[in-house]
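The structure appears below as structure tokens.
The values are calculated or read from the model by the stated rules, or taken from the named source; none is laboratory data. Just so we're clear, the structure is a prediction, and the values are computed from it rather than from any experiment. Neighbour counts run over all protein chains shown; Cβ positions are idealised from the backbone, glycine included.
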């Protein structure tokens, strides 16, 4: 009896063991299937992310080019409008200047005198500079040999001219930098 009980329990245990083995095999198979499905899902997710990022970059490029085109068109329209207004203003100013010159004959007659006076001013400046050089030459020859005085005066003249050139160049560089960095450059 005892043996039959033990044999019966042994059969039950073997049946349960076989069931457990079958359940374990099913679980392993389902785990492998789940891993395969997870791998496929990750691959699909990566492909989807690449596709979305490609679409986003394409849409961004299209929007940027569209915005640049619109901005360029608006800028051209505004430039044309400013150009027309500038020419209209210049034309009005020329008409007003012509009217003023026509109505005031005495002002018109003095225009040539202004140029003549500027020429005389330039001649006076040259005479002042030559007088300064003559005075320096006469004063320095009392202390030095005339050739040394001439060399010193030429050297001082070259230094003054080079300094003036460098000063003008720096001023023009500053002005060009100012206009290159200014907000008005965007409209030119």
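Observations
- Residue 40 vs. criteria modelled with pLDDT of 90 or more and within 43 Å of the chain's Cα centre (by Cα): no
- Matching option when the condition is assigned to a helix (DSSP H, G or I) and in contact (Cβ under 8 Å) with a residue 40 or more places away in the chain, among 71, 112, 101, 75: 75
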